[in-house]
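Visitor: Attaching a single structure in structure tokens format; questions to follow.
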Amino acid sequence: MEILPYCRNVYYYETDRMDVVSHTNYIRWMEEARVSFLNKIGMSYHKIEEAGFMLPVLEVKCKYKQSLTFGDSFCIYSYITEYNGFKMTIYYEIYNKDTKSLCASAQSYHCFTDKNMKPTRINQKAPQLHDIFINAMKVTYSELK
């Protein structure tokens with residue numbers, strides 16, 4: 001499956017007095033990219049929730065490499081790096097679209113729960129959804145980094 005990365009420009013309100021993006025915005029961008037990625041693989045949050053599951057964030061890690069500033073264009077490449085039907089890890093690479101430089105790399109860790117936030121295994125309860133996540137681990141991007 002070949003998809004495009006999530007891309008947009010840095011907004012003014014996302015910067016600090018030094019005209020640099022505040023570190024907290026990278027985490028929000030990861031969520032934007034994750035929602036976009038899940039939509040592109042055919043597994044929107046809406047579809048996950050309609051099936052009776054939730055996908056809470058357990059942990060987030062981010063390594064900042066190079067700053068983005070107001071007006072910069074960036075792209076986020078998202079990959080499922082670990083998935084076992086119960087837990088999932090998504091890896092993100094955030095690139096400056098114009099310079100192609102890596103600005104941050106990050107990971108978010110998730111688990112599947114039912115609507116009552118009780119951990120559950122979708123591979124056992126929803127094999128058709130499980131297959132979508134398995135296939136998403138083979139995603140490639142049609143745009144070069």
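The values are calculated or read from the model by the stated rules, or taken from the named source; none is laboratory data. Because the structure is predicted, anything quoted here is derived from the model rather than measured. Backbone-built Cβ (ideal geometry, glycine too); neighbour counts: all protein chains shown. To get the accessible areas, we keep the full protein, side chains included, count just its heavy atoms, and leave off ligands, DNA and RNA. Shrake-Rupley method; radii C 1.70, N 1.55, O 1.52, S 1.80 Å.
Visitor: Run the accessible area of the chain with a 1.4 Å probe and give the carbon-and-sulfur part as a rounded percent.
Guide: Answer for the chain is 52 percent, counting heavy atoms of protein chains only.
Visitor: Exposed loop sites here are chymotrypsin sites (Phe, Trp or Tyr not before Pro) in DSSP loop states with at most 16 other C-beta atoms within 10 Å. What is the longest stretch of the chain lacking them?
Guide: Working: sites that count: TYR11, PHE70, PHE86.
For chymotrypsin sites (Phe, Trp or Tyr not before Pro) (loop position, at most 16 other Cβ atoms within 10 Å), the longest site-free span of the chain is 87-145.
Visitor: Compute the Cα gyration tensor for the range 1-77, then decide on rounded, prolate or oblate, letting a ≥ b ≥ c be the square roots of its eigenvalues: rounded whenever a/c is under 1.5, prolate when a/b is larger than b/c in the other cases, and oblate in all that remain. Each step should come with its number before you reach the end.
Guide: Numbers: a/c = 2.55, a/b = 1.85, b/c = 1.37.
Since a/c reaches 1.5 and a/b is larger than b/c, the shape of the range 1-77 is classed as prolate.
Visitor: Quote the accessible area belonging to ILE134 in square angstrom, nearest 10, computed with a 1.4 Å probe and with ligands, DNA and RNA left uncounted.
Guide: Estimated to the nearest 10 Å², ILE134 gives 60 Å².
Visitor: Express the relative contact order of the range 1-129 as a whole percentage, based on alpha carbon pairs under 8 Å and six or more residues apart in sequence. Kindly include the intermediate steps, with their values, before the conclusion.
Guide: Working: 234 pairs, mean separation 34.3, N = 129.
Reported relative contact order: 27 percent.
Visitor: Taking only protein heavy atoms into account and a 1.4 Å probe, give the accessible area per residue of the range 60-118 in Å².
Guide: Working: 2760 Å² over 59 residues.
Value returned for the range 60-118: 47 Å² of accessible area per residue.
Visitor: How high is the relative contact order of the range 11-80, in percent, with contacts defined as C-alpha pairs under 8 Å that are six or more residues apart?
Guide: Details: 38 pairs, mean separation 34.6, N = 70.
Relative contact order comes out at 49 percent.
Visitor: Follow-up. Please state the charge dipole magnitude for the chain, taken about the Cα centre, from unit charges on C-beta atoms (+1 on K and R, -1 on D and E), reported in debye and rounded to the nearest 20.
Guide: Numbers: 18 positive and 16 negative charges, 67 e Å.
Using Cβ point charges on Lys, Arg, Asp and Glu, the chain gives about 320 debye.
Visitor: Let me ask something else about it. Would you mind checking LYS97/LYS118; LYS65/LYS118; LYS40/LYS61 for any pair whose Cα atoms are more than 32 angstrom apart?
Guide: Values: LYS97/LYS118 40 Å; LYS65/LYS118 37 Å; LYS40/LYS61 23 Å.
Those over the limit are LYS97/LYS118; LYS65/LYS118.
Visitor: Answer with a single label: of (1) 49, 32, 22; (2) 38, 33, 27; (3) 52, 37, 26, which was calculated as Cα extents along the principal axes in Å from the structure in view?
Guide: (1)
Visitor: So which lysines can LYS125 reach, going by Cα to Cα under 18 Å and dropping same-chain residues fewer than 8 places off?
Guide: LYS47, LYS87, LYS115
Visitor: Specify, per residue and in Å³, the volume enclosed by the convex hull of the alpha carbon atoms belonging to the range 65-145.
Guide: Details: hull volume 9.7 nm³, N = 81.
So the per-residue hull volume is 119 Å³.
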